[in-house]
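Notes follow once the structure below has been shown.
The values are calculated or read from the model by the stated rules, or taken from the named source; none is laboratory data. The structure displayed is predicted, hence computed values, not measured ones. Positions of Cβ are backbone-derived with ideal geometry, glycine not excepted, and every protein chain shown enters the neighbour counts.
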């Protein structure tokens with residue numbers, strides 16, 4: 001069975017956003033796909049494209065460090 005579930009990483013624990021239909025003690029393989037900055041911030045603030053590009057570049061540089 002393959003399923004895609006959003007999760008939040010908090011205090012060292014990855015918490016699924018919905019209940020998983022798994023027996024207790026099940027072992028699974030995780031594939032981590034962080035959301036893009038644009039997906040996480042869409043519609044929050046009105047900015048010019050060059051300002052948004054500069055913010056995205058700065059954040060991506062930090063992630064690569």
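Some notes on this structure:
- Residue pairs meeting the criteria (Cβ under 6 Å; at least 6 apart or on separate chains; first under 14 Å from residue 59 (Cβ atoms), in the stretch 21-48; second assigned to a helix (DSSP H, G or I) and modelled with pLDDT of 90 or more): 37/59
- The stretch 1-12 residues that are in a loop (DSSP other than H, G, I, E, B), paired with ones that are at pLDDT 90 or above (beta carbon under 8 Å, 6 or more apart): 3/20; 5/16; 5/17; 5/18; 5/20; 6/16; 6/17; 6/18
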